[in-house]
Amino acid sequence: MTSKLHVLIPDGNSTWALAVMNCLSDNSDYKLHVLSDKKRTPSKFSKHTSYFKYYKRTTNNDWLDIVSKEVETNSISIIIPIAEEAFRFFINYTHLLPNSVKVIALPEINNFETAINKHQLSCFLNAHNLPHPKYNHFDDFQSFSEKGLKLQFPVLMKPLHEKGGDGILKFENQKKLDTFLKQHSDFSELFIQEFIEGYDIDCSVLCLNGEILTHTIQKGNLKGHNSFAPQLGFEFFHNEELFLVIKQLMKALNWSGVAHVDLRYDTKTKTYKVIEINARFWGSVEGSKFAGINFPDLAIQLAMTNDIETQQFNEIEYMRLKGILKTIKRKPSFLFNKNFMLNNSEVKSFLKDPIPTCYRFVEWLERKFSVILLFLGQELTFYTIY
């Protein structure tokens, strides 16, 4: 009987933790230990969680002590951080952990910081002659007023550190942009890109020292809640022209570990342009698993053996659970497409482990209910006064 490999997920409260755990659950040799700085989180209620512990995050030194203690107490063999904050921590502190534990491959800190900052990444892409949208960066409103915008409209204004398309604004002309900035002139940084006419396409990778060991390429075919939100449905397919861009990018960054690169196909120039890098695991990581590439499992194998077998992904369609619900709402007969739901969607993971998703839905209802109560309270105050 094979002994279990004790795997520690240090940020079980992260947005993508449950997707990673669903991927790891395919390997029965793993025993998942989950830490969280939130008392109640979906991963706590997963049947795949063997051990869950809440700790309040304070200083990095305190967190290092906590993780080190958990490693020794629970005989942890491998640590797999999920989100960027945890990636940064382990890039900086892995060398101080007990020698008995390994951490999945991670990039060097300077390359990591370059990748996750839209402005720094754009400068890097420019310096290495890699395709990307034209951009302007301003330190403040005065800098914007003095230098002016040197881009073609429409343009996108992007926050430097938000995720999932949050906070992105599109402006069709100079007048609309100027009006907005005069009303919001207290910003400390401003990053603006030219809008690329075309479509979004992504590439997920696992690398070691700048070499891509495996990858998937996916194009969205079902939009999320807005134009910039993650897609709810995808088509996985091979594309050598795009992959060449990604190989050059990962080589230039000397990247190690996983990453999810957002690109856009420019219909005018007929080229693929790098938009941003998610230096972490991603929401559609289960889709990659269904296409034949289980990135979390492979990241662990690489850390434990320093090698993985070369694998090619399959060209399939895949849909997130929200995408399934959205499609059923539009076309009720899709509910009876059992084969697709079990083999090309998150439905199978949900049926195997439904409680975390149900808990997430309850959290969503509570947030909506709180907003309604706040609105009703404001209305009641208004009528009481007037």
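Each value in this text was obtained by applying a stated rule to the coordinates, not by laboratory testing. Everything numeric in this text was worked out from a predicted model, so none of it was measured. When we count neighbours, we look across all protein chains shown, and the Cβ atoms used for this are built from the backbone with ideal geometry, even at glycine.
Structure notes:
- 3J(HN,Hα) from dihedral phi, the range 135-144, Karplus parametrisation 6.51/-1.76/1.60, rounded to Hz, x for glycine, proline: 8, 10, 10, 10, 6, 6, 5, 5, 4, 5
- When the Cα positions of 308, 335, 261 are compared along the charge dipole of the range 254-350, 335 comes out farthest toward the positive end, with charges on each C-beta of Lys, Arg, Asp and Glu.
- Highest average first, the peptides 186-193, 288-295 ordered by how many other beta carbon atoms sit within 10 Å of their residues are 288-295, 186-193.
- All C-alpha pair distances within the chain, sorted into 20 Å bins from zero, spread as 25, 55, 19, 1 percent across the bins.
- Put simply, the amide H of residue 102, placed in the peptide plane, has neighbours under 5 Å in 78, 79, leaving out anything fewer than 5 places away on its chain.
- The charge dipole of the chain, taken about its Cα centre with unit charges on the Cβ atoms of Lys, Arg (+1), Asp and Glu (-1) only, comes to about 1180 debye.
- Entries of 4/44; 4/322; 134/170; 4/53 with Cα pairs more than 23 Å apart: 4/322
- The range 244-354 shape via C-alpha gyration tensor axes, a/c threshold 1.5: oblate
- Bridgeable aspartates and glutamates around residue 102 (alpha carbons under 19 Å apart, same-chain partners fewer than 8 residues away excluded): 11, 29, 65, 70, 72, 84, 85, 297, 307.
- For the range 182-302, the tally of Lys pairs with Cα-Cα distances below 22 Å comes to 11, considering only residues 8 or more apart or on different chains.
- Whole-Hz Karplus values for the range 169-180 come out as 10, 10, 10, 7, 8, 4, 4, 5, 5, 4, 4, 5 Hz, taken residue by residue from phi with 6.51 cos²θ - 1.76 cosθ + 1.60 and θ = phi - 60°; glycine and proline positions read x.
- Taking GluC sites (Glu not before Pro) across the range 305-359, the ones in a DSSP loop with at most 14 further Cβ atoms lying within 10 angstrom of their Cβ are 309, 315.
- Long-range tail of P(r) for the range 252-309 (Cα pairs > 19 Å, %): 46 percent
- Database remark: amide H of residue 11 closer than 5 angstrom to the amide H of 35, 82 (H placed geometrically; neighbours at sequence offset of 5 or more, or on other chains; Pro and chain starts carry no H).
- Geometric extent, Cα atoms of the range 301-342 - Rg, Dmax (angstrom): 17.0, 48
- Per residue, the convex hull around the alpha carbon atoms of the range 1-128 comes to 130 Å³.
- The length gained on full extension between residue 248 and residue 123, counted as 0.36 nm times the residue separation minus their Cα-Cα distance, comes to 43.4 nm.
- Shown in residue order for the range 71-83 are the 3J(HN,Hα) couplings computed by the Karplus curve 6.51 cos²θ - 1.76 cosθ + 1.60 at θ = phi - 60°: 4, 6, 5, 10, 6, 5, 9, 9, 10, 10, x, 10, 9 Hz (x for Gly and Pro).
- Reference-scaled alpha-carbon Rg (2.2 N^0.38 Å with N residues) for the range 170-292: 1.21
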